[in-house]
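Worksheet for the structure shown next.
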Amino acid sequence: MKLRKVRIVYLKEMRDVLRDRRTLISMLLVPLLVFPFVTLGFTSLAISQAKKVEKQIHKITLINKENAPHLTEIISRTANFELAQIPLDSLTSAINNKTLQAAVRFPRNLEAQLEKEQNDSVLIYYDKTELKSEVAYNKLSDIIKNCSDSLTDLPLSKRKLERKLHTPFK
């Protein structure tokens, strides 16, 4: 008995809703037409902001740059970097305060180790929560990876080996 009354009320309400044009428009047409445009608008805004950040000059510092003069030269020639001198103890606060986007720390005697065909790690400090800092990190890591790849090719070519032996899969 009660289920029948619920059904009668439900059908009456649905008939009233479907009879009203404004309700139909707000339920169907607005979401179908407006939301895609809003989504496209926000997406294009985000892309334009990312391109703008990509073109900006990024303030970075190089720590122990005397240990890697070749890599320091390559980074300093890159157009979108401004080199700054920041003391090591205030490095973290400079990145957190957004006065510095990234820092590269070279290990001791990096180039001497590379000549002996030994490897070491170059550290990049950055703020992952900030877009400018992450863009600077990506550019720096690309430069370091390209330099690493070219240094890897030298010993291989001396031994007349192909690069694909060094990277068996991608």
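In the elastic network of the chain, a GNM with C-alpha springs shorter than 10 Å, the most mobile of V53, V17, V104 is V17.
With a cut-off of 15 Å between beta carbons, the residues surrounding K98 carry a summed charge of -1, where Lys and Arg count +1 and Asp and Glu -1.
First select every other residue whose beta carbon is under 15 angstrom from the beta carbon of S76; then total the charges, Lys and Arg +1, Asp and Glu -1. Mind dumping the intermediate values first?
Working: positive: K59, K65, R77, K139; negative: E66, E73, E82.
Within the 15 Å Cβ shell, the charges total +1.
Amide H to amide H distances under 5 Å link H58 with F81, E82, where only residues 5 or more positions off or on other chains count and H is placed in the peptide plane.
Measure out, as a whole number of angstrom, how far apart the alpha-carbon centroids of the range 1-30 and the range 77-98 sit. About 63 Å separates the Cα centre of the range 1-30 from the one of the range 77-98.
State whether the range 41-105 is rounded, prolate or oblate according to the following rule on the C-alpha gyration tensor (a ≥ b ≥ c being the square roots of its eigenvalues): a/c under 1.5 gives rounded; otherwise a/b larger than b/c gives prolate, and the remaining case gives oblate. Intermediate values should be presented prior to the final figure.
Numbers: a/c = 3.66, a/b = 1.70, b/c = 2.15.
Oblate, because a/c is 1.5 or more while a/b does not exceed b/c.
Across L83, L131, L29, mean-square fluctuation computed from a Gaussian network of the chain (C-alpha pairs under 10 Å connected) peaks at L29. When you restrict to C-alpha pairs under 8 Å that are six or more residues apart and normalise by the size of the chain, the relative contact order lands at 18 percent. Simple spin-label estimate for R108 and N146 gives 3.2 nm between the two label positions (7 Å along the Cα-to-Cβ direction from each Cα). Highest GNM mean-square fluctuation among R19, R77, R105, for the chain modelled with Cα contacts below 10 Å: R19. Rg and Dmax of the chain, based on Cα coordinates, read 29.0, 92 Å. What the Cβ-Cβ distance of L45 and V9 gives, at R0 = 35 Å and to the nearest 0.05, is a FRET efficiency of 0.15. Two tests apply to each whole DSSP H helix in the chain, Cα reach of 30 Å or more along its axis and mean Kyte-Doolittle hydropathy of at least 0.5, and the ones passing both are 30-55. Each residue, V30 and E130, gets one label point 7 Å from its Cα in the Cβ direction; the gap between the two is 4.0 nm.
Volume per residue, Å³, of the convex hull around the alpha-carbon atoms of the range 6-82? Working shown, then result.
Details: hull volume 12.7 nm³, N = 77.
Dividing the Cα hull volume of the range 6-82 by its residues yields 165 Å³.
Quick note: the coordinates plus some simple rules give every number you see, no bench work behind them. Every value quoted in this text rests on a predicted model; they were computed, and no experiment measured them. Every residue, glycine among them, receives a Cβ derived from its backbone with ideal geometry; neighbour counts consider all protein chains shown.
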